[in-house]
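Report on one structure; see the data block that follows.
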Amino acid sequence: MTLVLPGSAQLVAGDRRLGRIAMRIWGALLAVVLVSVLLTAAWPGLGLKAGTSPALLGLLRIVLIAVAIGWGVLFVDAWRLGQPLSLLRNHRLSLVGINGALVFVVVGALLFSAHVVNVQRAFWIAVAGDGDVAGTSEGRYNILLAGADQGAGRVGLRPDSLTVASTRAPARPC
């Protein structure tokens, strides 16, 4: 039950308060994901901006870690609610194996996702910085343009040109 609907086992057989909290959090997370998908489908630029925002990626990383820990706690509590010590030895071993595998897969996938999000965040900070566009240098903006191509029989995309475009900053109105 905890795999499909986190908190449902606690709601049925355990701490109802914990079950209600977990189900509310799960519902809120599903609503946020649904709204995000719909907004990204309607305005792809918004999805691109969100996916390249270091602040949003940092928040997503924290949320993924919190969900992983919470879901792991719910799995362990659901295992406790199943009263494994009252089962026969073979059934108890099977239950421990299944629950252990579920915890490993679900929590591991969420923690790995948090790691991937953090790598993406670090990439965007390294490439674009973690703030506003740098100011002008002697009244000019310098922009690096990198060109690349790929050809038949070659693996991957290869850079073949670098160009620096320097443009004067627009005049400010008086």
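Readers should treat all values here as calculations from the given coordinates under stated rules, not as data from a laboratory. Note that the structure is predicted; figures quoted are calculated from it, not measured.
Below is a table of values for the structure above.
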| read-out | value |
| --- | --- |
| Matching label, Rg and Dmax of the Cα atoms in Å computed from the structure shown, candidates [x] 21.0, 77; [y] 24.8, 85; [z] 14.8, 42 | [y] |
| Relative contact order for region 1-108, counting Cα pairs under 8 Å that sit 6 or more residues apart, in percent | 27 |
| Convex hull projection area averaged over all views, region 16-117, Cα basis, nm² | 7.7 |
